[in-house]
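S.K.: Before I ask anything, let me first share the structure, which is written out below as structure tokens.
The values are calculated or read from the model by the stated rules, or taken from the named source; none is laboratory data. Because the structure is a prediction, the values reported are computed rather than measured. Note that each Cβ is placed from the backbone with ideal geometry, even for glycine, and that neighbours are counted across all protein chains shown.
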Ligand SMILES: Nc1ncnc2c1ncn2[C@@H]1O[C@H](COP(=O)(O)OP(=O)(O)O)[C@@H](O)[C@H]1O
Ligand SMILES: [Mg+2]
């Protein structure tokens with residue numbers, strides 16, 4: 001499914017973002033429709049996290065436009081919890097924007113968080129931390145969720161569990177998801193469409209099925225072409 | 001024995017003043033990473049304001065309260081100058097706070113003159129274990145205890161306090177969830193102003209205050225805050241009380257001239273010990 005220009009819940013056009021004089025994003029355009037799950041692939045240093053930070057308003061564009069229709073939440077790369085606060089306090093702070101501080105609904109959705117609510121976030125395992133980061137983002141009742149490196153450093157079983165929650169939220173609540181991944185298999189599994197970012201520019205985009213067939217994408221992100229994999 | 005108890009109570013009261021200064025330093029440093037060298041100035045501004053307001057006939061209580069608010073405003077102004085501009089590093093903010101402290105001298109001298117000022121505190125004395133203790137000393141100790149209890153509750157139990165802690169522990173994540181880290185930093189500076197102000201109105205009746213008293217206050221407050229690694233108000237309180245006791249005993253037994261040296265010496269020892277301890281932690285294999 002392709003979104004007609006200008007109707008997406010996320011619309012990024014000709015975005016340029018700089019760190020000082022270094023250009024991190026160089027004319028990026030990207031859109032996501034309401035209820036769509038879109039992947040953003042790319043190697044280290046491509047500018048993926050820069051895009052996520054710009055979407056959540058932490059970075060200001062040098063030029064171009066960023067439009068988000070609705071509330072956006074951002075699960076940052078590396079979880080970025082508050083280590084010396086409890087799980088529950090981390091969640092409650094996630095409601096800062098929405099002024100919703102009761103984590104009951106998040107506990108309902110992610111019961112494993114209720115079991116560790118009193119523990120300090122800093123002592124949790126990577127998988128537990130990602131779950132807290134997920135719950136913290138949901139506290140603001142987002143319409144759009146940007147997930148930066150969902151699977152990085154996590155065991156496959158944990159990643160699958162998180163991905164299942166994502167697709168479920170998408171199916172049941174129409175949550176729009178922008179999934180930033182280096183693990184293209186996971187991204188292609190979960191998303192309908194994908195963009196490939198390299199050195200600050202979008203170098204490929206389209207339905208995941210098509211991208212997976214493209215030799216270039218397959219070689220770079222799937223560890224060999226589909227043909228080779230099938231042999 | 002009787003003398004000793006007097007010195008101890010006096011030392012605790014003076015130490016409480018240092019502790020409140022240290023608490024202000026810790027609050028600002030925890031949230032912003034800035035060492036606020038204008039912290040002693042907040043106490044001076046409050047002390048001078050209170051003495052002046054009482055002189056105009058405003059009653060006790062109101063005068064002190066208004067003086068603390070003036071110190072809070074001084075805190076806000078210092079914060080605006082130090083961290084108001086986006087992208088200021090804690091290091092350059094520290095330099096700004098030093099500058100603000102010096103600039104404040106000029107303002108204070110113009111407004112209040114350069115002579116030490118004081119005002120009477122709580123009159124009378126109370127008998128403790130058969131020894132007469134000045135009521136003002138007890139007031140200082142009680143007020144400090146209440147302030148620290150409030151501070152602990154604020155940071156440990158309230159949503160806003162948790163948000164301030166969040167800014168300290170991961171400013172990037174705080175921004176990700178929509179907390180305005182600069183505004184929270186300014187709030188910390190206001191809190192620093194309030195704490196400095198409380199210190200000023202409590203201590204001025206014990207020791208007259210003048211524009212340059214901030215040096216004594218900041219040296220002692222900083223020494224105490226360093227005892228708590230600039231992040232732990234409880235330890236800073238302990239450090240401040242020890243400093244107050246050491247200085248009071250030294251003064252009591254004839255070494256009054258060396259009070260500031262004692263503070264500086266203790267601060268140096270603490271810093272050296274702490275830096276070696278931290279290095280050894282770093283050197284431990286992971
Ligand atoms: N805070 C920063 N200051 C300067 N350069 C940065 C900063 N953050 C990222 N960069 C640079 O911007 C580019 C994109 O980084 P990033 O968005 O983190 O890439 P990705 O998330 O795709 O790995 C890289 O070249 C990186 O070195
Ligand atoms: Mg990244």
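S.K.: On the given criteria, is residue A:58 within 16 Å of ligand 1 (Cβ to nearest atom) and in contact (Cβ under 8 Å) with a residue 60 or more places away in the chain?
M.R.: no
S.K.: Looking only at segment B:93-107, which residues are closer than 12 Å to residue B:212 by Cβ and buried (at least 20 other Cβ atoms within 10 Å of the Cβ)?
M.R.: Hits for segment B:93-107 are B:101, B:104.
S.K.: In segment A:102-114, which residue that is in a loop (DSSP other than H, G, I, E, B) and touching a residue at least 24 places away in the same chain (Cβ under 8 Å) is farthest from the other protein chains (Cβ to nearest Cβ)?
M.R.: A:110
S.K.: Enumerate the strands (runs of 3 or more DSSP E) found wholly within segment A:125-204, keeping only those where 3 or more residues are within 16 Å of ligand 1 (Cβ to nearest atom) and within 14 Å of chain B (Cβ to nearest Cβ).
M.R.: A:144-148
S.K.: Let me ask something else. Filter segment A:9-22 for residues that are within 14 Å of another protein chain (Cβ to nearest Cβ) and surrounded by fewer than 16 Cβ atoms within 10 Å (Cβ to Cβ); which is nearest to ligand 2 (Cβ to nearest atom)?
M.R.: A:19
S.K.: Only one of these is more than 19 Å from residue B:19 (Cβ to Cβ) and either part of a helix (DSSP H, G or I) or away from every other protein chain (no Cβ under 14 Å) (or both): B:273, B:215, B:238. Name it.
M.R.: One residue alone meets the criteria, B:273.
S.K.: Can you say whether residue A:93 is touching a helix residue (DSSP H, G or I) at 6+ places or on another chain (Cβ under 8 Å), more than 16 Å from ligand 2 (Cβ to nearest atom) and either over 20 Å from residue A:35 (Cα atoms) or in a helix (DSSP H, G or I) (or both), as far as the supplied structure shows?
M.R.: Yes.
S.K.: Now a separate question. Taking residue A:156 as the residue in question, decide whether it is away from ligand 2 (no atom under 16 Å from the Cβ) and in contact (Cβ under 8 Å) with a residue 60 or more places away in the chain.
M.R.: no
S.K.: Being within 14 Å of another protein chain (Cβ to nearest Cβ) and crowded, with 16+ Cβ neighbours inside 10 Å is the filter here; which residues of segment B:116-160 pass it?
M.R.: Residue satisfying the conditions is B:155 alone.
Let's see how each residue does on (1) away from ligand 2 (no atom under 16 Å from the Cβ); (2) in contact (Cβ under 8 Å) with a residue 40 or more places away in the chain:
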| residue | (1), (2) |
| --- | --- |
| A:152 | no, yes |
| A:161 | yes, no |
| A:172 | yes, no |
| A:175 | yes, yes |
| A:180 | no, yes |
| A:184 | no, yes |
| A:200 | no, yes |
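S.K.: Just one of the numbered conditions (1) out of contact with any strand residue (DSSP E or B) (no Cβ under 6 Å at 6 or more places or on another chain); (2) within 16 Å of ligand 2 (Cβ to nearest atom) is not true of residue A:133; which one?
M.R.: Tallying (1) out of contact with any strand residue (DSSP E or B) (no Cβ under 6 Å at 6 or more places or on another chain); (2) within 16 Å of ligand 2 (Cβ to nearest atom), residue A:133 fails exactly one: (1).
S.K.: Has segment B:177-200 got at least one residue that is touching a strand residue (DSSP E or B) at 6+ places or on another chain (Cβ under 9 Å) and crowded, with 22+ Cβ neighbours inside 10 Å?
M.R.: So far as segment B:177-200 goes, yes, one or more of its residues are touching a strand residue (DSSP E or B) at 6+ places or on another chain (Cβ under 9 Å) and crowded, with 22+ Cβ neighbours inside 10 Å.
S.K.: Further question: Within segment B:169-180, does at least one residue satisfy the condition of being modelled with pLDDT under 95 and in a helix (DSSP H, G or I)?
M.R.: For segment B:169-180, residues modelled with pLDDT under 95 and in a helix (DSSP H, G or I): present.
S.K.: If you don't mind, another one. Hey, among the residues in segment A:93-104 that are over 21 Å from the mean Cα position of the chain (by Cα) and surrounded by 13 or more Cβ atoms within 10 Å (Cβ to Cβ), which one's modelled with the highest pLDDT?
M.R.: Residue satisfying both the conditions and the ranking: A:103.
S.K.: Which numbered condition in (1) more than 27 Å from residue B:275 (Cβ to Cβ); (2) buried (at least 22 other Cβ atoms within 10 Å of the Cβ); (3) at pLDDT below 95 is the only one that residue B:243 fails?
M.R.: The failed condition is (1).
S.K.: Out of the residues in segment A:23-71 that are within 14 Å of another protein chain (Cβ to nearest Cβ) and over 22 Å from residue A:94 (Cβ atoms), state the one that is nearest to ligand 2 (Cβ to nearest atom).
M.R.: Once the filter is applied, the top-ranked residue is A:50.
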